[in-house]
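I have placed the structure first, in the form of structure tokens, so that the comments after it can refer back to it.
Rule-based calculations on the coordinates, nothing more; no lab input. Please read these numbers as outputs of a predicted model, since none were measured by experiment. When we count neighbours, we look across all protein chains shown, and the Cβ atoms used for this are built from the backbone with ideal geometry, even at glycine.
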Amino acid sequence: MKILRNSALLLIVGFMAWMMIHLYGQYESRDALNPVAEYYAVNGPEETGAANLVTSIVVTYRGLDTLGEVTILFLTAAIIGLLLRTEKGSRKKSVRESSEFLSTASGILIPVITLIGIYIFMNGHLTPGGGFQGGAVLASSFILVLLAISNKRIGHRLLDYTEAISGISFILLGILGILLAGGFLDNRILPLGNFGTLFSAGAIPVIYSLIGLKVGAELSNVILELNQIQGEEEEL
Amino acid sequence: MKIFELENISMAAGFLLLMVGIWGIISQRNIIKMIISFSIVDTSIHLLLVSIGYIRNRTAPIIGEGVTKTDAATQITDPVPQALVLTAIVIGVGITALLLTYSLKLYRHNRSLEINHFNSLKW
């Protein structure tokens, strides 16, 4: 039985390896951009005003994909909330209070980490960064909040409102793009400004900040849901 | 030598990680280990996508000191795979969170994370 299992495993992995060696052998490194990338490189800075070309693709040219991506994250948070929901009142947490070091250090660190997160998503059109990265940094500061004040229950309400308002404003900005500029999620509804400054690239910083808030709220919600079952697992 | 170029090294590493991840998914019996293998497959695909977009002696697609606005097309690597990987990382986070939640549900139901103990669909 064991021999059969191992030989089947070897067969599958061997077949995959054979396939991948062929793929690797046929790969030739490129020395020029393909036409789509060349269009983005030539026209991107003029049309969107964003110095970071990846941002101009993610937010403007393929903005609809980003909307879908944010929707997937929202669905993930919603499904996790649905699956892990327990009856109200049955939740008893017997978690040890956090130590002096942890609570003092997180009091200093939480504002700094939050500031870095906000900096990352506001400068997404100039530097390597953006809404998703900044949102993840915001969520990491939320983990520190949960660790430092583990004996209190934290309400969902602020997170839920942040998520809902930023999501709705994202879609409204997209619809404004249809009315005032070239199409859905067009960033030229605001003036393009001076190239390479913070207030440039039209609506891209606004949209990326909204995405950052939304992603931060969603990831924090996921962490909160996973954290709240911790005390109850120990009782069982 | 072709194999010692940066894009070939990263692509070989990507394929190797892909193999490790697939081996882990089909051979491990603990659900948490399967989820870790899934994450390894995820990472390997990011590595493969980025190395497809790499062009030798070029820099990141951000216009600034190294890249001028007018001939950006001859100075930058391909920005499209990088945008795709940005999307893929976020989706990967969502999928991993969902998998962990399902594994938690399974553990609550069966008090076990060994895949052999879940045989209600076998006959």
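Compute a Gaussian network model of chain A, connecting alpha carbons closer than 10 Å, and tell me which residue from A:Gly182, A:Gly202, A:Gly25 fluctuates the most. Maximum fluctuation in the GNM of chain A, among the listed residues, is at A:Gly25. Split chain A at each of the trypsin sites (Lys or Arg not before Pro) in a DSSP loop with at most 13 other beta carbon atoms within 10 Å, and the longest piece is A:1-84.
Applying both filters, DSSP loop and at most 15 other Cβ atoms within 10 Å, to the trypsin sites (Lys or Arg not before Pro) of the stretch B:1-86 gives B:Arg29, B:Arg56, B:Lys69. Rounded to whole numbers, the Karplus 3J(HN,Hα) couplings from phi for the stretch A:109-120 are 7, 4, x, 5, 5, 4, 5, 4, x, 5, 4, 5 Hz, using 6.51 cos²θ - 1.76 cosθ + 1.60 with θ = phi - 60°, and x at Gly and Pro.
Each label was represented as a point 7 Å from its Cα along the Cα-to-Cβ direction; for A:Leu115 and B:Ile32 these points are 3.7 nm apart. If R0 is 56 Å, the Cβ-Cβ spacing of B:His117 and A:Ala32 corresponds to a FRET efficiency of close to 0.55.
Under a plain spin-label model, where a point goes 7 Å from the Cα along Cα-to-Cβ, how far apart in nm are A:Leu198 and B:Val20? So the two model labels end up 4.2 nm from each other. Take chain A and mark each of the GluC sites (Glu not before Pro) that is in a DSSP loop with at most 11 other Cβ atoms within 10 Å; the longest unmarked stretch, sites excluded, is A:98-236.
Among the residues of A:4-11, the average count of other protein chain beta-carbon atoms within 10 Å of the residue beta-carbon is 1. Straight-line cross-link reach from B:Lys105 at under 18 Å between alpha-carbon atoms covers these aspartates and glutamates, not counting any fewer than eight positions away in the same chain: A:Glu87, A:Glu225, A:Glu232, A:Glu233, A:Glu234, A:Glu235, B:Glu114. Any idea how far the Cα center of the stretch A:1-80 sits from the one of the stretch B:17-56, in Å? If we compute the Cα centre of each part, the gap is 13 Å.
Taking Cβ atoms as reference points and 15 Å as the exclusive limit, the residues near A:Glu38 contribute a net charge of -2, counting Lys and Arg as +1 and Asp and Glu as -1.
For chain A, lysine pairs with C-alpha atoms less than 30 angstrom apart, excluding pairs fewer than eight positions apart on the same chain, total 7. Modelled label positions at A:Ile178 and B:Asp71, each set 7 Å beyond Cα in the direction of Cβ, lie 4.3 nm from each other. Using the Cα coordinates of the stretch B:2-117, the gyration tensor eigenvalues translate into equivalent-ellipsoid semi-axes of 38, 17, 7 Å, sorted from longest to shortest. On full extension, the segment bounded by A:Ile3 and A:Ile165 gains 52.5 nm, given 0.36 nm per residue less the C-alpha separation. Within 10 Å of the Cβ of each residue in A:30-38, the mean number of Cβ atoms contributed by other protein chains is 5. P(r) tail, chain A: Cα-Cα pairs separated by more than 33 Å, 41% of all pairs.
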